[in-house]
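Report on one structure; see the data block that follows.
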Amino acid sequence: MSKYITTPIYYVNGEAHIGHAYTTFIADSVARYERLKGEKTFFLTGTDEHGQKIEESAQKNGKPTQEFADEISASFKNLWDDFGISYDKFIRTTDEEHKIGVQKAFETMYAKGDIYKDFYEGHYCVSCETFFPETQLVDGEFCPDCGRTTNIVKEESYFFRLSNYQDKLLAYYEEHPDFVLPRSRINEVKNFVAGGLRDLSVTRTSFTWGVKMPKSMNDDKHVMYVWLDALLNYITALGYGKDEKNMDFWPASTQFVGKDILRFHAIYWPAFLMSLDLPLPKHIGAHGWWTRDGEKMSKSKGNVVAPKEVADLYGVENLRYFMLREVPFGQDGDFSQKAFIDRINSELSNDLGNLLNRIIGMSGKYSDFIIDSEDVQIYHSKELSNMNGVLDSLDKFMENMQTHRYLEELWKLFSIANKAIEEHAPWVKMKEGKTEEALATVALVANILARASIMLHPIMPNTTNTIADALSFIIDNASYKKFIVEKQLLSSFTIKKVPPLFPRIEEPLMQEAPKVEPCKPKEELKEIDKEDDNLIEIGQFFETSLKVGTVMEAEEVPKSKKLLKLQVDLGEEKPRQVIAGIKEFYSAEELVNTQICVVANLKPAKLMGMMSEGMLLAAKDEDGLCLVRPEKPKKSGTPIG
Ligand SMILES: [Zn+2]
């Protein structure tokens, strides 16, 4: 089974923003993942270049329309090339082959009786050259864009019999619950279809910048409506209607779209395909939008994140990692430099980068950089089995585009490695003369890193190539088979020294977004100020990192009436020690294995000579003190807020 992955084609009405980058990163990662597994894969991206808006933008910029489209299309292509996006084809809807395919599709639908000619009637703004549905008119009369009076205009148009497909679509959604991912998104689609589908106007006579009608129609007045033209790119890119040599990639395995264009992809597109007697894509993956520091991005606010700027400052692979790790697929994501830097420092630098440096250092000291796996099975069968458990669980997350879960799960490998180092303490074993055991631990970590770099490769291709190179192998389908499928261990090799892969970032590298003034009349603001001077901004609240913690151990602090010493798991490499003044209200025993809420970013403090690395939340009144706990068990380290 081959795999066909697509991004939407991006509209050439403006520059690429961070949302485009996200769609392209996730599609690229899935395509790379499929290739790694040895699947025959075709990955498509491109630009959508027709329609009245493009014609107008070109005029505004004083350029011929084609030249304008060429420039913006090239800016997308250059950006993806710059980012190393591994597309197999970059399609432009102004490509001749595409136009031929669209005309062929139109003829096919027409011959089938799915397209007919009629009149399009609606409220038309002459100035904006646009029809508006009644619901969008201001006071039932005026143009929502320019405020001018609209007229009822009748325009000749060809229509696609979308109404014929209402029942077929609803039946299809029922039979294919994974057609739209995440599954929750299908409801809005179903409701829309169940509410009744009207036939769709698929041509226009009010502008000329579009795919011309097929010659056989003998009707030059019309050009194709941009959505008919645009959606068909997914098959014309494979040669539909011309040289169909790549059509065996159809149906697509996953088509990524933003949630704002889900309706077009989950209703019109499948209806067109049904009309063409072509199978429907396996999945339409609808992702959310990106905000910046919790604010909607817009040009007027001046807070738009330019993907190129971020990538130049932080590295494109770090950006890929951050975006795919940060958001559950389908939900909206927030871009904040703080969250980005935190992930680079703690997950990439501490968890992954340090591990590689540690084994380079240890193998240098103990074995002249030679790493040999021959004793790993003897000393570390438990770790190997845990490692394989993690690796076997990964596939389903990528299949469902849950990249955040995929990465979260993958990171468990580094916990296994770090725990093995702590438990087996190779430096102690060396002193005790147990050289074999010490070297086995180093080799275990090398094996874990090798697997992690293979599975992380789709998300961070270059960085993982560097790690693989240090470990003396290359990442490809052969090594995927050898290490992931067949679970072989690394052969004896000499580890290479590499410069730190993820230097820690201490200060934000990019200028922060300008502070956005709240949209409240000043007087109202004043009143709020008067009412309570202690109000804080939401951002101030989130400066405090609150987390769910699990008490692993608890003991009384000798000679203290009040203090208990707790070891609290916050989902980090090792538990934190928290000294808490709660002995009068809780015994050490009853706290073990219960959950508490912890302020996780307090500066560590010394209490009775002991470090306390956090503060727990409690409520106290005249009846005594009680701890604040999650209502249901939550994973250690779950953020509260
Ligand atoms: Zn108008």
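Please treat every number below as a calculation from the coordinates, not as lab data. Fair warning: this is a prediction, and the values are worked out from it, not measured in the lab. When we count neighbours, we look across all protein chains shown, and the Cβ atoms used for this are built from the backbone with ideal geometry, even at glycine.
For this structure, a couple of remarks:
- Protection proxy ranking of 132-140, 188-196, by the mean of other Cβ atoms within 10 Å over each peptide's residues and highest first, is 188-196, 132-140.
- With one equal scatterer per alpha carbon and no solvent term, the Debye-computed log10 I(q)/I(0) for the range 539-640 at 0.13, 0.18, 0.19, 0.21 1/Å reads -0.43, -0.83, -0.93, -1.13.
- Violating pairs (Cα-Cα greater than 26 angstrom) within the set Lys382/Lys482; Lys562/Lys634; Lys338/Lys583: Lys562/Lys634; Lys338/Lys583
- Mean Cβ neighbour count within 10 Å, used as a protection proxy, ranking 228-234, 268-274, 107-113 highest first: 228-234, 268-274, 107-113
- Dipole of the range 335-494 computed with +1 at Lys/Arg Cβ and -1 at Asp/Glu Cβ about the Cα centre; of Ser479, Pro458, Leu439, farthest Cα towards the positive end is Pro458.
- Proximity of backbone amide H atoms, modeled 1.01 Å from N, is registered between Phe335 and Thr291, Arg292, Asp293, Gly294 at under 5 Å, excluding neighbours fewer than 5 places apart on the same chain.
- Phi-derived couplings, Karplus 6.51 cos²θ - 1.76 cosθ + 1.60 at θ = phi - 60°, listed residue by residue for the range 77-92: 4, 4, 5, 5, 5, 4, 7, x, 5, 9, 5, 8, 8, 10, 8, 10 Hz, with x used for Gly and Pro.
- A dipole drawn for the range 335-494 from +1 and -1 charges on Cβ atoms has a positive end, and of Val428, Ala470, Asn418 the residue lying farthest that way is Asn418.
- When the Cα gyration tensor is reduced to axis lengths a ≥ b ≥ c, the ratio a/c is 1.5 or higher for the range 46-146, and with a/b not above b/c it is classed as oblate.
- Computed from backbone phi, the HN-Hα couplings of the range 373-390 come to 8, 4, 9, 4, 4, 5, 9, 9, 4, 4, 5, 4, 5, 4, 4, 5, x, 4 Hz, rounded to whole numbers (Karplus: 6.51 cos²θ - 1.76 cosθ + 1.60, θ = phi - 60°; Gly and Pro given as x).
- Highest to lowest packing among 150-156, 353-359, 455-461, scored as the average C-beta count within 10 Å: 455-461, 353-359, 150-156
- Whether the range 220-270 is rounded, prolate or oblate, judged on the alpha carbon gyration tensor where a/c under 1.5 counts as rounded: oblate
- Annotation: amide H-H contacts under 5 Å for Asn61 (H modelled 1.01 Å from N, sequence separation of 5 or more, or interchain): none.
- For the range 583-629 versus the range 357-388, the inter-centroid distance based on Cα atoms is 39 Å.
- Charge dipole (debye, nearest 20) of the chain; +1 at Cβ of Lys and Arg, -1 at Cβ of Asp and Glu: 1140
- Projecting the Cα atoms of Tyr234, Val376, Tyr158 onto the charge dipole of the chain (Cβ charges, centred on the Cα centre) puts Val376 farthest toward the positive pole.
- Spatial separation of Cα centroids for the range 160-203 and the range 115-157, in angstrom: 25
- What the pair-distance distribution of the range 252-397 shows, using all Cα-Cα distances binned every 5 Å from zero, is 2, 7, 10, 12, 13, 12, 12, 10, 8, 6, 4, 2, 1, 0 percent.
- Taken along its three principal axes, the alpha carbon spread of the chain comes to 93, 69, 48 Å, from the longest extent down to the shortest.
- For the chain, the antiparallel share of DSSP beta bridges with both residues in that region comes to about 70%.
- Cross-link partners of Lys190 among lysines (Cα-Cα below 24 Å; sequence separation of 8 or more within a chain): Lys168, Lys259, Lys282
- Measuring between alpha carbons in the structure, the pairs from Lys412/Lys497; Lys419/Lys574; Lys99/Lys221; Lys112/Lys215; Lys117/Lys221 lying more than 19 angstrom apart are Lys412/Lys497.
- Cut-off 9 Å between beta-carbons: net charge of the residues surrounding Glu584, Lys and Arg +1, Asp and Glu -1: +3
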